[in-house]
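Okay, structure first, notes after.
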Amino acid sequence: MATTVDTHREVKNLVGAGMEESHAEAVVGTVMAVRAGLATKADLDVLRTEWRADLDLLRAEVRADLRELKLDLIKWLGGTTIAMAGIAVAALSLILG
């Protein structure tokens with residue numbers, strides 16, 4: 001929740017505490033400029049929501065990549081097994097003659 005600051009009142013408070021008015025205005029202006037750049041709870045909530053959505057998308061992409069990798073591995077191992085079986089049959093044929 002954004003809060004408002006009465007900058008005139010804050011300048012008067014600093015002047016009342018003994019600060020020169022020009023210095024008090026500069027201090028209050030600087031504080032307000034810094035404050036404007038700070039993230040609010042609402043900003044962080046939006047960012048958190050965006051990050052969660054990005055993370056969910058990344059998880060889905062990783063799962064899809066893993067499924068594809070698993071299929072490629074099964075195909076490769078299947079082909080290798082068939083080739084090895086062929087080599088074994090050929091070797092036995094040569095040996096048994």
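The values are calculated or read from the model by the stated rules, or taken from the named source; none is laboratory data. Source: prediction; values computed, not measured. Ideal geometry is used to build each Cβ from the backbone, glycine not excepted, and the neighbour counts take in all protein chains shown.
For the reader, a short list of remarks on this structure follows.
Okay, residues lined up against (1) at pLDDT below 95; (2) in contact with a helix residue (DSSP H, G or I) (Cβ under 6 Å, 6 or more places away or on another chain); (3) of a type in the set (Asp, Glu):
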residue	(1), (2), (3)
Asn13	yes, no, no
Thr30	yes, no, no
Lys41	yes, no, no
Asp56	no, no, yes
Leu73	no, no, no
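- Selection from the stretch 39-80 of residues that are of a type in the set (S, T, N, Q) and more than 30 Å from Thr3 (Cα to Cα): Thr80
- Unique match (being within 21 Å of the chain's Cα centre (by Cα) and not β-branched (Val, Ile, Thr)) among Arg63, Arg35, Arg9: Arg63
- Residue identified as surrounded by fewer than 10 Cβ atoms within 10 Å (Cβ to Cβ) and in a helix (DSSP H, G or I) among Ile95, Ile74: Ile95
- Within the stretch 23-41, tally of residues that are surrounded by 10 or more Cβ atoms within 10 Å (Cβ to Cβ) and in a helix (DSSP H, G or I): 11
- Residue check, Glu68 surrounded by 10 or more Cβ atoms within 10 Å (Cβ to Cβ), at negative phi and within 32 Å of the chain's Cα centre (by Cα): yes
- Scanning the stretch 7-22 for residues that are surrounded by 10 or more Cβ atoms within 10 Å (Cβ to Cβ) and in a loop (DSSP other than H, G, I, E, B) turns up Met19, Glu20.
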